[in-house]
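Here the structure is laid out as structure tokens; the discussion comes afterwards.
The values are calculated or read from the model by the stated rules, or taken from the named source; none is laboratory data. Source: prediction; values computed, not measured. Note that we place each Cβ from the backbone using ideal geometry, even for glycine, and neighbour counts take in every protein chain shown.
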Amino acid sequence: MPPPVLTGLRAEAVVAGYDPRRPVLDRVDLTVPPGRTVGLAGPSGSGKSTLARVLGLLHAPFSGTVHLDGEPVTGYRHRTPHAQRVRIGVLFQQPRLSVDPRLTLRAAITEPLLATRAPRQAERVAELADLVMLTPDLLSRRAHEVSDGQLQRACLARTLALSPDYLVCDEMTTMLDASTTAALVGLIRDYQGRTGAGVLAISHDAVLLRRWADDTVHLTPDGVLA
Ligand SMILES: Nc1ncnc2c1ncn2[C@@H]1O[C@H](COP(=O)(O)OP(=O)(O)OP(=O)(O)O)[C@@H](O)[C@H]1O
């Protein structure tokens, strides 16, 4: 009998970092199952963002493998197969670094739809804007004309545009106040409830992770999961 397929977004024995002689992550195993929210905590510099980038398929590990519902990922960044790339959405701490300041929020949300030549783009943008509670007035503004919270809502809409099966949220709410944080976490929970997506929630805020995540794992300062 063939072995059972292990579902989830899974890091297996991942060794990663920026200098192969001194890797940041040391044989990390972590699974984000469909429908679950896994919290990732750890001290500053322990490698949380590095692991987020590896699981977001934005940073190639030195060794080890990322599996997507049992399929090994064969390339990172522009080498990631399209079918795998669109299944994972990533949200970062600083929305201003991930949106071209020349774009309106509408254009920023449209980017992934344009890139994949999705049908009914205007309708889909309206639907996404509605979902994250951005009004048409805000959609017409550029990134520097909106607040961090409004821009992060636009980033969430852009990330959800292609209906990813997994979300990697790297300190997504660190720049935001408590009510915007609660609203964004609520939106992600709703999306998860509708789609069964798996979520990796990275935060140094233990209270937030207790509320948000089903389980939380900790990276030690040596880049090992405990
Ligand atoms: N682009 C880079 N080039 C070289 N070293 C890097 C790079 N990015 C991060 N590092 C180093 O890798 C280690 C892990 O960084 P990482 O950002 O993954 O940690 P973190 O746990 O997310 O930290 P924080 O909570 O402060 O955001 C740190 O020592 C950091 O200085």
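A single member of Thr174, Thr180, Thr216 is among the hydroxyl-bearing types (Ser, Thr, Tyr), surrounded by fewer than 21 Cβ atoms within 10 Å (Cβ to Cβ) and in a strand (DSSP E or B), and it is Thr216.
Of all the criteria given as (1) closer than 28 Å to Leu176 by Cα; (2) within 16 Å of the ligand (Cβ to nearest atom), the one not satisfied by Thr31 is (2).
Restricting the search to the range 185-213, which residues are under 18 Å from Gly56 (Cβ atoms), among the aliphatic types (A, V, I, L, M) and either part of a helix (DSSP H, G or I) or within 16 Å of the ligand (Cβ to nearest atom) (or both)? Result: Ile188, Leu200, Ala201, Ile202. Please determine whether any residue of the range 197-209 is loosely packed, with under 13 Cβ neighbours inside 10 Å, in the same structural domain as His82 (by TED's automatic domain parsing) and not aromatic (Phe, Trp, Tyr). Taking every residue of the range 197-209 in turn, at least one turns out to be loosely packed, with under 13 Cβ neighbours inside 10 Å, in the same structural domain as His82 (by TED's automatic domain parsing) and not aromatic (Phe, Trp, Tyr). I'd like to check something: does the range 87-95 contain any residue that is free of Cβ contacts under 8 Å to residues at least 60 places away in the same chain, under 26 Å from Gly35 (Cα atoms) and surrounded by fewer than 21 Cβ atoms within 10 Å (Cβ to Cβ)? Within the range 87-95 (the criterion being free of Cβ contacts under 8 Å to residues at least 60 places away in the same chain, under 26 Å from Gly35 (Cα atoms) and surrounded by fewer than 21 Cβ atoms within 10 Å (Cβ to Cβ)), the answer is no, since none of the residues qualifies. For the range 183-196, the candidate set comprises residues that are buried (at least 16 other Cβ atoms within 10 Å of the Cβ) and of a type in the set (Val, Ile, Thr); within that set, the residue that is nearest to Arg158 (Cα to Cα) is Ile188. Of Pro23, Pro61, all but one fail to be farther than 21 Å from Arg210 by Cα, within 16 Å of the ligand (Cβ to nearest atom) and touching a helix residue (DSSP H, G or I) at 6+ places or on another chain (Cβ under 6 Å); the exception is Pro61. Listed by first and then second residue, the pairs linking a residue in the range 116-141 that is closer than 10 Å to Arg106 by Cα to a residue that is hydroxyl-bearing (Ser, Thr, Tyr), with Cβ atoms under 6 Å apart and 6 or more places separating them unless they lie on different chains, are Val125/Thr110; Ser140/Thr104. Contact map, the range 7-25: residues that are more than 12 Å from Leu51 (Cβ to Cβ) paired with residues that are more than 14 Å from the ligand (Cβ to nearest atom) and part of a loop (DSSP other than H, G, I, E, B), Cβ distance under 7 Å, separation 6+ or inter-chain. Pairs shown: Thr7/Pro33; Thr7/Pro34; Thr7/Asp69; Thr7/Gly70; Gly8/Pro33; Gly8/Pro34; Gly8/Asp69. Residue count for the range 131-161 under the criterion of being more than 18 Å from the chain's Cα centre (by Cα) and buried (at least 23 other Cβ atoms within 10 Å of the Cβ): the result is 1. In the range 3-11 there is no residue that is outside the structural domain of Thr220 (by TED's automatic domain parsing), surrounded by fewer than 17 Cβ atoms within 10 Å (Cβ to Cβ) and at pLDDT below 95. Restricted to the range 17-43, and to residues there that are among the hydrophobic types (A, V, I, L, M, F, W, C) and within 20 Å of Gly89 (Cα to Cα), the residue that is surrounded by the most Cβ atoms within 10 Å (Cβ to Cβ) is Leu40.
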